[in-house]
Amino acid sequence: MKAEIVTMTAKEIDQEAIARGGEILKKGGLVAFPTETVYGLGGNALDPMASKKIYAAKGRPSDNPLIVHIAELKALTPIVKTVPEKAKILAEKFWPGPLTMIFEKSDLVPLETTGGLNSVAVRYPSDPIAAQLILAAGGYVAAPSANTSGRPSPTTAQHVEEDLGDAIDMIIDGGPVGIGLESTIVDFTEEVPVVLRPGYISLEMLQEVLGDVRMDKGLIKSDSNVHPKAPGMKYRHYAPKADLTIVEGSTEDVINAINQFVKEDQTNGLQAGIIATEETISEYPLGIVKCIGSREAEETIAHNLYEVLREFDQCQVSKIYSEAFYTPKMGQAIMNRLLKAAGHKIIKVGREEE
């Protein structure tokens, strides 16, 4: 099977293609589509067989929950047991947008969709193409990122085609996504709301609205044996083919260390890649150097992260070295993805080592 690819923009939506995509989803098929975060791989969230197809197409472990996407607020009530007051406040502030919230599920949502859990992750995306497709499909679309499990998430339709072009029914090409990192996930099944995955909406932004919100302690650890409550918590994600290492320290120390590592690799006959910024790219004379964006405009780093990781797959590099990106607003989200891509391999250099 080769996926049908249809092209449209948020301003000029192809209603005929959307209707076709909706029918595919209603009949249990799979459609990839753009959101404001990354491309999603959609299936009917209320159909257990469709969820099984999503796991199979991605090669994704079936205990890794799927996010149910809705396109109107009234769709939330039928699929959850209760909506806490604090969740209503966040919905009013951030929906539609890059926020996923976890609730106790109703019987309407099959366990196949929730990875066997009695909770369900729900998101209301702001992308107009996503919204139209969700409504055309009946209102409930389960959609993890549209990539092979473990690979960098797709930020263009071409990425989806590379990974899943032979495994799904349709790809809606809506152009490059806006944000480039998956949504923030907040768990409301506990007394205090817990961030299970950082994203564009930061912990500070959530605390500003709700007051008491905490970050899940497991976010800073590598894989655990705990049953994951949200996508991406347990398994290695976003990984390029080459071995990725993050180098942390002062700018000068990081540049010197990476240059030394690349020099040693070349002596040993290995080609190395470097992830740099606009501010530092000229400091790396050796290796294949790619610019991820500017620290002055940290959204560019988030937007380009997966694209750069995928580009290195075409470069035949054996190793990749990346600077660390503890930027003010999106640093939590960027480093969360980068650490997972590196399998939590980080080298601290300079004074921090002493």
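The values are calculated or read from the model by the stated rules, or taken from the named source; none is laboratory data. Values in this document were obtained by computation on a predicted structure and should not be read as measured data. Virtual Cβ from ideal backbone geometry, glycine too; neighbours counted across all protein chains shown. We work out accessible area using only protein heavy atoms, side chains counted, and drop any ligands, DNA or RNA first. Shrake-Rupley method; radii C 1.70, N 1.55, O 1.52, S 1.80 Å.
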Discussion item. Pairs please, first residue from the range 176-195 and without any contact (Cβ under 8 Å) to a residue 60 or more places away in the chain, second anywhere and of a type in the set (Phe, Trp, Tyr) and in a loop (DSSP other than H, G, I, E, B), Cβ atoms under 9 Å, 6+ apart in sequence or on different chains.
Written reply: Val194/Phe188
Worksheet item: Would it be correct to say that Glu12 is open to solvent by 50 Å² or more (accessible area, probe 1.4 Å), of a type in the set (Asp, Glu), touching a Leu at 6+ places or on another chain (Cβ under 8 Å) and farther than 21 Å from Tyr238 by Cβ?
Response: no
Worksheet entry | Which numbered condition Val254 fails, given (1) crowded, with 19+ Cβ neighbours inside 10 Å; (2) out of contact with any Phe, Trp or Tyr (no Cβ under 8 Å at 6 or more places or on another chain); (3) over 20 Å from Ile301 (Cα atoms); (4) among the aliphatic types (A, V, I, L, M) | (3)
Discussion item. Suppose we filter the range 56-87 for residues that are within 20 Å of Leu196 (Cβ to Cβ), touching a residue at least 24 places away in the same chain (Cβ under 8 Å) and not aliphatic (A, V, I, L, M); how many remain?
Written reply: 11
Worksheet item: Just checking, how many residues over the range 35-89 are open to solvent by less than 60 Å² (accessible area, probe 1.4 Å) and polar (S, T, N, Q)?
Response: 5
Discussion item. Only one of Lys93, Lys105 is at negative phi, within 23 Å of the chain's Cα centre (by Cα) and free of Cβ contacts under 8 Å to residues at least 40 places away in the same chain. Can you tell me which?
Written reply: Lys105
Discussion item. Just checking, does the range 112-119 include any residue being under 21 Å from Ala157 (Cβ atoms), open to solvent by less than 60 Å² (accessible area, probe 1.4 Å) and not in a strand (DSSP E or B)?
Written reply: no
